[in-house]
Each structure stands twice: as C-alpha cells, then as structure tokens.
Amino acid sequence: MVADPVPLQLAAELFPNGISRYAIGGLFVGLGAAVIYVGTGISAGASTFLESTLSYVSGQSRFQQYVASRDWRLVFTLGIILGAAVYAVVYQGGAWTTDVSWWRLLLGGIFVGIGTRVGKGCTSGHGVCGVGSASKTSLAGVLAFLLVAILTAQVVAALGVTP
Amino acid sequence: MATSTDRHPLFIPLVLVGGLIFGFGLGYSHMARPEVVLNFLQFEDFGLLFVMFGGAAVTGIVFFVMPRVLDRAPLTGDPFERRLKSFDRNVLIGGAIFGVGWGLSGICPGAAYGWWRSRATDGVDPSPTGAD
C-alpha cells in the first residue's frame, strides 16, 4: 500500500469531513443572498431580525428605524427556517440536536446578540455580504470575531469543557 | 427603500425564495450544528472557511456584475450598492463580543434560525437556549 501523497494527507487532516458539503452549502448561502440582491438591491443579513421584529410591538426609535424593512426580514428569517428544515427532513430524515451544554448556548447567544448590534453585522451580513462587497469594515469585523472566537473556543476546550 | 404599500407583488415571494436557499445552504453545510462550528474554531475541521468564503465569492460576483448590467433593481427600483458600513471602534468591539459568544456556543444568528426549526421538528423544546 502506497501512502497518500503529502497534499492529500494534509487535506484529510484539515478537512476530515471533506470540503464538498461546506463548499456546496456555502454556494447555496451566497446564492440565497444573491437572489434577493438581484431582485431588490438589498444585501440581506440575518441579525437585524430581532430588532426589526420588535418594532411591531415597541415604539422606541431604536426599533422604529426598521419599520420599512421588518416585513421582509421576517419573511427572510422564515425562509431560512424552512430551508434548513427542508435539508433536515430530506437529507437526514429528521431533526438534529446538539450535545453542547445549555449554558454555553445561552451565554453565547447573549454575547452574539449584543455583538451583532454593536458591531453592525454578523456572519451573514459582514461575513457573506460584507466580504462579498470587499468592505474593509466587514473584513475588519470578520477578522475580529474570528480571532476572538478561536481564542474563546480554545480556552474553553483547554479548561476541559466538552462539549 | 420601497415602503410596503408600493412594493412589487413579487418582492416578498422573492425574499422567501432567497431565504429558503440561504437556509438550505446553512443546513447542507452543517453550519446549523454548533459542534461543527466549534470543531472549526478548535482547528479540527477548516471546512467553515469554504462556507463563508464560498458564499462571499458568489455575492462578490453578483455585487460586482449587477450594477454594471442594470441601473436599478427590478422589484424595488433601488440602485445596486455594495454592503459598505462605516468603520469605527464599535466594529471591532462588537466583533470581539460576537466572537466570545460564537466561540462559547458555536451559534450565529442565521444558523440559529435554522437550528430552531430542526429542533422543533423533533417535538423537542424548540428554543436553542432551552435546557438540554
């Protein structure tokens, strides 16, 4: 048995699950954003949804700025939910669950929520649309959250929290 | 931005279709699974780079081409612009806060929406923050 050439070994180490699921999934994510952009000129992001939806029930100016966009943001979020559900049902025959501890999800979710509002975007707004726009602001934002997220995940793992 | 009264009838259906494709992509790429994101952050599987930059490559091409092909978006009459936001310290501070949360939980907003539904189909507590 001849050993795999070095590049193949390296690829298997860096991408133990292959790259096709990630690359194809990423293309779909970009395509979804592209479809909306081509028809409407809007570069869609996911993280403004909570604030825009709060404008239905709150008169605060912080939320009222999203009145014009709140209905399509709601529909966009609905689409994401349904699209992921289609994948879950068709390809894995049902739901997926996680073993990540509840306190990590809760605490992390709070930080994520605050971070997107302070930092003007998230992984879809900055990461997919902003980087696609070659926006220096978005590149800086992505770099900031990637580095800090890597550091955080490594520290948590080093502290022996699994998963 | 067009107001809801003078919008093209296909505006909302198109956003729904875009969201469906977007959500399907998040499911297909396994980004709706916190473990996959955490594996990336712990350098065990670098596939996430292909998701983000694969998505950005597609939007990059479209953002580049559309303004050169059409003056205005057909459904809104809005000009095609890139997603450019002003830079200030908050971008880094907010990014860092986001990073702490993302590194802790492995969830980000878009993927979390997908995950809700997936849990709900199981008849389990649909809240991603619910006690496991």
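The values are calculated or read from the model by the stated rules, or taken from the named source; none is laboratory data. Everything numeric here is computed off the predicted structure, so don't read it as measured data. Every residue, glycine as well, gets a Cβ built from its backbone with ideal geometry; the counts of neighbours run over all protein chains shown. To get the accessible areas, we keep the full protein, side chains included, count just its heavy atoms, and leave off ligands, DNA and RNA. Shrake-Rupley method; radii C 1.70, N 1.55, O 1.52, S 1.80 Å.
When you look at residue A:99, is it under 26 Å from residue B:72 (Cα atoms) and acidic (Asp, Glu), yes or no?
So residue A:99 does not fit the description; no.
Do you know which residues across the range A:106-134 are in contact with a Lys or Arg (Cβ under 6 Å, 6 or more places away or on another chain), among the small types (Gly, Ala, Ser) and outside any helix (DSSP H, G or I)?
Within the range A:106-134, A:133 is the sole residue that qualifies.
Out of all the residues in the range A:97-135, which are surrounded by fewer than 21 Cβ atoms within 10 Å (Cβ to Cβ), closer than 18 Å to residue A:50 by Cβ and in contact with an Asp or Glu (Cβ under 9 Å, 6 or more places away or on another chain)?
Result: A:117, single match.
May I ask you to verify whether residue A:72 is open to solvent by 40 Å² or more (accessible area, probe 1.4 Å) and part of a helix (DSSP H, G or I)?
Values: open to solvent by 40 Å² or more (accessible area, probe 1.4 Å): no; part of a helix (DSSP H, G or I): yes.
No, not satisfied.
In the range A:14-52, what count of residues is obtained for those that are at pLDDT below 90, among the β-branched types (Val, Ile, Thr) and more than 13 Å from residue A:124 (Cα to Cα)?
Of the residues in that region, 0 qualify.
For the structure I just gave you, tell me whether residue B:77 is more than 7 Å from chain A (Cβ to nearest Cβ) and among the small types (Gly, Ala, Ser).
yes
Within the range A:31-59, can you find the residues that are outside any helix (DSSP H, G or I), facing chain B (nearest Cβ under 9 Å) and farther than 24 Å from residue A:112 by Cβ?
A:41
Yes/no per residue for (1) touching a helix residue (DSSP H, G or I) at 6+ places or on another chain (Cβ under 8 Å); (2) within 15 Å of residue A:123 (Cα to Cα); (3) of a type in the set (D, E, K, R):
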position	(1), (2), (3)
B:20	yes, no, no
B:40	yes, yes, no
B:46	yes, no, no
B:81	yes, no, yes
B:89	no, no, yes
B:95	yes, yes, no
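Among the aromatic types (Phe, Trp, Tyr), over 23 Å from residue B:61 (Cα atoms) and either facing chain B (nearest Cβ under 7 Å) or not in a helix (DSSP H, G or I) (or both): is that true of residue A:103 in this structure?
For residue A:103, the condition - among the aromatic types (Phe, Trp, Tyr), over 23 Å from residue B:61 (Cα atoms) and either facing chain B (nearest Cβ under 7 Å) or not in a helix (DSSP H, G or I) (or both) - is not met.
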